[in-house]
């Protein structure tokens, strides 16, 4: 009798297991270069990840890897293109494959954060973003890294002060061309070498968004911040097209909703953070210089030759810039 009871219990347990719904959870690895205190990481965790996992009832798990844990920007871009990394946030490195993706960092394209936000919500931003699919990447959202400003140990109060300034710029011809147009002595080097180069006075300064100047500790070896706002840098939230194509149409809508919420909240957090960083820098003895109208005008005039060259080089250039300006 005892054996019979055990047999019956086993049958009941087996039938229960068969009747339980089963699904394979899909893990999406998402890598980025920012710290875990950056606005992008916070928005990813609190809005993007949370929304997807809740609305898909656990069918998807978003695992976020900050601080280059999955590799640097170039590795993330390559991983997205070939499908070895499911998702990530990078800058505009895809412009090395197709220059149209670098248009957002053309100098003095935007006046302020509000103007930039309006354009990134406009059809022209979608039009350019959709072109990424040709290269194996689906763009989900445009985040905000912010305007790039100059930090320097040389006081720069007018355009003529740029002359002879030894300024580190990224390994990107666009930044070198911009610096030359400002009469700046451009020094291209990886970001990892900048702190030491400043400390040893190999260079006078560098340029980056406010948040990075604080997070990387560059302010420790700099005296002045010049709010040139010369280039606006977005951060692109992307997913590999190989991963995207495996997602059901129903779940794709959830990902798109989560991405839209991420974009909205990340910009709010980034703008707030920018103000907090400026106060932090001032409290730590850094002088923030706001260029006056004459200084701003001279920077804009000097950049006109850049745009003339862009329009000659890229047949699509003038049309795209007109669409961006009309969206402001």
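Just so it is clear, none of the values below were taken in a lab; they were calculated from the coordinates. Please read these numbers as outputs of a predicted model, since none were measured by experiment. Counting neighbours? That spans all protein chains shown, and the Cβs are built from the backbone with ideal geometry, glycine included.
On a C-alpha basis, how far is the centre of the range 76-122 from the centre of the range 45-73 in Å? Whole number, if you could?
About 20 Å separates the Cα centre of the range 76-122 from the one of the range 45-73.
Which residues among the range 289-328 fall inside the zone where the amide N is under 17 Å from a point 7 Å beyond the Cα of residue 135, along Cα→Cβ?
314-317
Return one number: the angle in degrees, 0 to 90 and rounded to the nearest 10, between the long axis of the Cα atoms of helix 317-326 and the longest principal axis of the Cα atoms of the chain.
In the chain, helix 317-326 runs at an angle near 80 degrees to the longest axis.
State, to one decimal in nm, how far the label point of residue 292 lies from the label point of residue 114, with both points 7 Å from Cα in the Cβ direction.
Calculated label separation equals 2.5 nm.
Averaging sequence separations of C-alpha pairs under 8 Å and six or more residues apart, then dividing by the length of the chain, give the relative contact order as a whole percent.
24 percent
How much of the DSSP beta bridge set in the range 23-326 is antiparallel, as a percent to the nearest 5?
55 percent
Report, to the nearest 10°, how far helix 2-19 tilts away from the longest principal axis of the Cα atoms in the chain, using its own Cα long axis and a range of 0 to 90°.
40 degrees
I need the fraction of alpha carbon pairs in the range 23-326 separated by more than 36 Å, rounded to a whole percent.
Of all Cα-Cα distances in the range 23-326, 17 percent exceed 36 Å.
On a 0 to 90° scale, report how tilted helix 73-82 is relative to the longest principal axis of the chain, with both axes built from alpha carbons and the result rounded to the nearest 10.
Result, in degrees: 40.
How do 191, 198 line up, fewest other C-beta atoms within 10 Å first?
Exposure proxy ranking, most exposed first: 191, 198.
Arranged by the count of other C-beta atoms within 10 angstrom, fewest first, what order do 289, 271, 137 take?
Neighbour counts put them in this order, fewest first: 271, 289, 137.
What 222 nm value per residue comes from the helices of the chain, counting each DSSP H run with n ≥ 4 as -39,500 (n - 2.57) and dividing by all residues, nearest 500 deg cm²/dmol?
-13500 deg cm²/dmol
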